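Data block below; observations after.
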Amino acid sequence: MSPQETEAAAKQLASSIALSLITHEAHEGIEDIAARLPPEAAPFAGALHRPGTWSTGRIIYPQLGGLLPGGASVMVVVEQMWAEPEGVHVEWRTLDIRLIRTGGIWQVASLESNGGEPLAPPANLSPEALAVLADPRIELPDSARWDIYAGLVSPKLLALLARMAEWDGFGVVTFSTGHPWEVFGTARQSDHSRGLAVDIYRLGPDLVIDQRQTGSRVHQFVQWLYQQPEVRQIGSPWALDGRGGRSFTDALHQDHLHIAVYP
């Protein structure tokens, strides 16, 4: 993580939980993983257990998916590696780890998403989907790939992603799977669960959280996005058009770009 992270303690806790879920020896079972977790996290100790083999991994990035004074969603992108008969298997997942804050201290509340179920690519993928999936400049967790395979992502959003990659490469955290279904803290359905939004945590090699100064490359990119006609909403470290406009900022949108398109 960056030294600039907001709510660093929440991110550290969620990341440590995620690492514990994907780390075990071949002889270890769910009860061994549970013993290394805080008691409140023990119920989901088996979420990513790979029976009969070792498993290890790393944190790609922990992004805030929702933030309130008493609670948070941290969407942790993890890389998990484990042994299979044909060799080492690698999978990236976006986990939605919920936290609560009591007396200023963050604690684990639940694992709302383990990143989804693996899907094979269908034979009838759209040209927009194929362009995004084949572009090495677009870093996609497998959770996001499975969303594309399942037809959960708007073709309009996929077409925009392909154009964004011409500007610079970027890292996706989530489309839908791994993101709260609702706008966090409300009953309103999120654009993510409608297939109309994407969150990205980096542009080129630079984390959004480290590029919050006016005139940075990320700032220039947000200005470019604002000019694209299909973009309905941009959450970022800047509000380009003031309160209530298409471009907004708040405490949540300091570590990523939220990009939503029109239906």
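The values are calculated or read from the model by the stated rules, or taken from the named source; none is laboratory data. Quick caveat, the model's predicted, so the values are computed rather than measured. In this analysis, Cβ positions are derived from the backbone assuming ideal geometry, glycine residues included, and neighbour counts consider all displayed protein chains.
Among the residues of segment 35-45, those that are in a helix (DSSP H, G or I) and either crowded, with 18+ Cβ neighbours inside 10 Å or β-branched (Val, Ile, Thr) (or both) comprise 41, 44. Scanning segment 1-15 for residues being at pLDDT 95 or above and either out of contact with any strand residue (DSSP E or B) (no Cβ under 9 Å at 6 or more places or on another chain) or within 13 Å of residue 110 (Cα to Cα) (or both) gives a total of 3.
Looking across segment 98-141, the residues that are touching an Asp or Glu at 6+ places or on another chain (Cβ under 8 Å), without any contact (Cβ under 8 Å) to a residue 60 or more places away in the chain and part of a loop (DSSP other than H, G, I, E, B) come down to 118, 137.
Summed over segment 218-255, the residues that are of a type in the set (Val, Ile, Thr), closer than 16 Å to residue 203 by Cβ and not in a helix (DSSP H, G or I) give a count of 2.
When segment 229-257 is filtered for residues that are surrounded by 14 or more Cβ atoms within 10 Å (Cβ to Cβ) and more than 18 Å from residue 191 (Cα to Cα), the ones remaining, listed by number, are 237, 238, 239, 240, 254, 255. Filter segment 1-40 for residues that are of a type in the set (Ser, Thr, Tyr) and touching a Ser or Thr at 6+ places or on another chain (Cβ under 6 Å) and give the result. Matches in segment 1-40: 23 only. Can you say whether residue 171 is small (Gly, Ala, Ser), in a loop (DSSP other than H, G, I, E, B), closer than 29 Å to residue 47 by Cβ and in the same structural domain as residue 223 (by TED's automatic domain parsing), as far as the supplied structure shows? Considered against the rule, which asks whether it is small (Gly, Ala, Ser), in a loop (DSSP other than H, G, I, E, B), closer than 29 Å to residue 47 by Cβ and in the same structural domain as residue 223 (by TED's automatic domain parsing), residue 171 comes out as no. For segment 8-28, a residue qualifies if it is over 11 Å from residue 55 (Cβ atoms) and part of a loop (DSSP other than H, G, I, E, B), and exactly one does: 27. Residues in segment 157-180 that are aromatic (Phe, Trp, Tyr) and more than 14 Å from residue 116 (Cβ to Cβ): 2 in all. Being within 23 Å of residue 230 (Cβ to Cβ), outside the structural domain of residue 75 (by TED's automatic domain parsing), without any contact (Cβ under 8 Å) to a residue 60 or more places away in the chain and of a type in the set (Phe, Trp, Tyr) is true of residue 149.
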